[in-house]
Amino acid sequence: MDYFKRKKVKDVLTKELEDTSNVTVLGWVRTKRVSKNIAFIEINDGSTLKNLQVVILNPDEFEVLAEINTGTSLKIVGYLEEVKGREQSVEMKAKEIELIGDCPSDYELQKKRHSFEYLREIAHLRPRTNTFGVMNRFRSKMSYAVHKFFQKRGFNYIHTPIITANDTEGAGELFRVTNFDLANLPLTDKGEVDFSQDFFNEETGLTVSGQLEAEVLATALGDVYTFGPTFRAENSNTTRHAAEFWMIEPEMAFCDLDENMQLIEEFLKYLFNYALEECAEEMAFFDRWIAEDNRIENLKKIINSDFAQISYTEAVEILTVADKEFDYQVEWGIDLQTEHERYLTEEHFNKPVMVTDYPRDIKAFYMRLNDDQKTVRAVDCLVPGVGEIIGGSQREERYDVLVQMMEEDGMELEQYDWFLDLRKYGTVPHSGFGLGFERILMYISGMKNIRDVISFPRTPGNAKF
């Protein structure tokens, strides 16, 4: 098949070849035009948005042309020539054309625009379109950027469990994992499902976060991060929610909230800068075809800004006196809504904002309690256009205080004895944050629906492909 002899279309178009006299290209046909004395094929192999134009100077000698349709896979051998005055400065003259995989005329991706809604119905084919080819390459590059950021700073990449007995966020939105015969469930004397007879001898589910296990590794290795799939059984059909998504969760020992916020700012700016410098082709595409605003300029503005920092109480004071009518009333103790967050970052500060020290009652049990006994050392990072994009906190490292908070929340301490042990044996201040990978891809690209930044979205009523 000449896999190792072939040249990627990306390398051909950027002229990164030593020998241009005998080049092999493998790919799929995007378009074909045939006339009496000349024919043109545009071929793409997924390595770049741009197609390679192949010129057939003597089409009568290529009987295979009659069998080639949009979507057909080909092997083409030819030579390269430079051309002037065109968008692409090189084209290929074909010497040999071999049909690898036929593509019938009922192929659903003909040369026309398809709606994103329709393309979600054919998720097995949509990566072949320009938009989703760009998005998948962009996702790959930004995944590398995440690892590069943390690896350069000495973080250890860890793998936290996907199956867990812990509901980190305490929201009860776990997908259950069981080996039971669902038509014949064992019951206790009280008529409840007897999970002691299940595979793990207890009730388990798919993880909503790797944070608790990351704390275990951070208290041994120092700085760690996990980057993997997480799951929420939340029956939500919004454009920002999916049942399966990827989370980036660093955890740092000997780190307080102020240092945590510094890392958050550095991380976001690094990702934005990486997208602009290393994903120029993708960003140009998003700027032209996807984003409703000027994404490139907006990202540059954030990179060059110093993030504002205010407390939750200060945020409530700002919102209370704002000359703006909100749909949700503002008062101390509420969880800030998107409209409140966007006002702070878009109208009041006109740049990203770190909001800290939220009321204890609206945050998770593991966040460090402040001296006022009412607020915790939490932080939400807000950005223009979206609102919250990262949530984090300094963790409660004091054993007695954590036990008291867990008891007040009605939690079963025995289930978390291992988590409490971290505070019993050599406890240290530690902090971390979580960033949904799809959320940051949406923000950088301007894509409006989370279903369009992940190849196979899992949403209520949809687990196809």
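The values are calculated or read from the model by the stated rules, or taken from the named source; none is laboratory data. As the structure is a prediction and not an experimental result, all values here were calculated from the model. Neighbour counts run over all protein chains shown; Cβ positions are idealised from the backbone, glycine included. The area values use the complete protein model at the heavy-atom level, side chains included, leaving out ligands, DNA and RNA. Shrake-Rupley method; radii C 1.70, N 1.55, O 1.52, S 1.80 Å.
On the stretch given as region 273-332, residues that are more than 23 Å from VAL379 (Cα to Cα) and in contact with a strand residue (DSSP E or B) (Cβ under 7 Å, 6 or more places away or on another chain) total 0. All told, ILE76 meets the bar of being outside any loop (DSSP other than H, G, I, E, B) and either in contact (Cβ under 8 Å) with a residue 40 or more places away in the chain or of a type in the set (Lys, Arg) (or both). With respect to the conditions (1) open to solvent by less than 80 Å² (accessible area, probe 1.4 Å); (2) within 24 Å of ASP372 (Cβ to Cβ), GLU331 falls short on a single one, namely (1). Annotation note: of ASN136, ASN201, ASN179, the sole residue that is surrounded by fewer than 19 Cβ atoms within 10 Å (Cβ to Cβ), outside any loop (DSSP other than H, G, I, E, B) and of a type outside the set (Gly, Ala, Ser) is ASN136. Of note, ASN166 satisfies the criterion of being on the phi < 0 side of the Ramachandran plot and in a loop (DSSP other than H, G, I, E, B).
When we screen ILE100, ILE76 for residues that are open to solvent by 30 Å² or more (accessible area, probe 1.4 Å), out of contact with any Phe, Trp or Tyr (no Cβ under 6 Å at 6 or more places or on another chain) and β-branched (Val, Ile, Thr), the only hit is ILE100.
Looking across region 31-52, the residues that are open to solvent by 50 Å² or more (accessible area, probe 1.4 Å) and polar (S, T, N, Q) come down to SER35, ASN37.
Screening SER89 against (1) over 19 Å from ARG6 (Cβ atoms); (2) at pLDDT 95 or above; (3) open to solvent by less than 50 Å² (accessible area, probe 1.4 Å) leaves a single unmet condition, (2). For TYR366, indicate whether it is open to solvent by 20 Å² or more (accessible area, probe 1.4 Å) and at pLDDT 95 or above. No: the conditions fail for TYR366.
Taking the criterion of being assigned to a loop (DSSP other than H, G, I, E, B) and of a type outside the set (D, E, K, R), the residues of region 226-242 that qualify are ALA233, ASN235, SER236, ASN237, THR238, THR239, HIS241, ALA242.
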